[in-house]
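**Q** This is the structure I have questions about; it appears just below.
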Amino acid sequence: MAAMVKKLKNAKVLVFDARAFLDSAGLGRMVRKFRGKETVFAQGDPAKNVMYIQEGGVKLSVVNETGKEAVVAILGPGDFFGEACLAGQSKCIATATTVAPTTVLVIEKDEMIRALHEEHEFSDRFIAHMLGRNIRVEADLIDQLFNSSEKRLARTLLLLARYGKQDEPQMMLPKVSQEMLAEMIGTTRSRVNFFMNKFRKLGFIQYNNSQVHINKSLLSVVLHD
């Protein structure tokens, strides 16, 4: 009996590591690398996997019947997408395109469901992500309804810089086209160009070759009444 107790004490307890799960391939999941501006999945494709961004960024966009495109989200490291397949969605309702070289963990639907049911740490993390996504959608709607295009642009730039995230904000951004910014905030490219020049003159942003540096002082535009 004593020998058995000693054996149990010395046995290694396998603890689920959510970070290791999301950072590596395994049963029911694989790591894929994409070039910049490469399609991860297209609107209308079968919805059968959940994606997790390890590095890089992804743009989600939709196209209506007349061919007009709207950017609905820009996602970065630590974000999930494609999760609607868990709720029975059979086809992708948006197109996911990388905005830079990107590494994505592709998790099969059945493996995702298993992890959510069996691994509490992972389930807590995913639920926190979904709650955060819902809050972001509500904030985006309020932003579109009540804020000026100048405030919407400032808020979008700060979100692209991941301002307010737990990890360190990446204040240096890949240069996003003004056309894309205009689609995201619901205005014209000429208005975006006007405000970007204004932000640059005020020192809120700086251009450095192909990148844009976002200063925290840009937050004053969002907070100003």
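**Q** Limited to region 48-88, what total is found for residues that are free of Cβ contacts under 8 Å to residues at least 60 places away in the same chain, over 18 Å from the mean Cα position of the chain (by Cα) and either farther than 18 Å from residue 127 by Cβ or assigned to a strand (DSSP E or B) (or both)?
**A** 7
**Q** Quick one: which residue in 130, 51, 112 is of a type in the set (A, V, I, L, M, F, W, C) and open to solvent by 20 Å² or more (accessible area, probe 1.4 Å)?
**A** Only one candidate qualifies: 130.
**Q** Kindly indicate whether residue 94 is modelled with pLDDT under 90, among the small types (Gly, Ala, Ser), under 23 Å from residue 51 (Cβ atoms) and in contact with a strand residue (DSSP E or B) (Cβ under 6 Å, 6 or more places away or on another chain).
**A** no
**Q** Would you check which residues across region 6-40 are open to solvent by 30 Å² or more (accessible area, probe 1.4 Å) and either at pLDDT 90 or above or in a strand (DSSP E or B) (or both) and list them?
**A** Result: 26, 29, 30, 31, 32, 33, 35, 38, 39.
**Q** Is there any pair with a first residue in region 206-225 that is touching a residue at least 40 places away in the same chain (Cβ under 8 Å) and outside any loop (DSSP other than H, G, I, E, B) and a second that is open to solvent by 50 Å² or more (accessible area, probe 1.4 Å) and of a type outside the set (Phe, Trp, Tyr) whose Cβ atoms are under 7 Å apart and which are 6 or more apart or on different chains, and what are they?
**A** 212/175; 213/172; 213/206
The values are calculated or read from the model by the stated rules, or taken from the named source; none is laboratory data. Everything numeric here is computed off the predicted structure, so don't read it as measured data. When we count neighbours, we look across all protein chains shown, and the Cβ atoms used for this are built from the backbone with ideal geometry, even at glycine. To get the accessible areas, we keep the full protein, side chains included, count just its heavy atoms, and leave off ligands, DNA and RNA. Shrake-Rupley method; radii C 1.70, N 1.55, O 1.52, S 1.80 Å.
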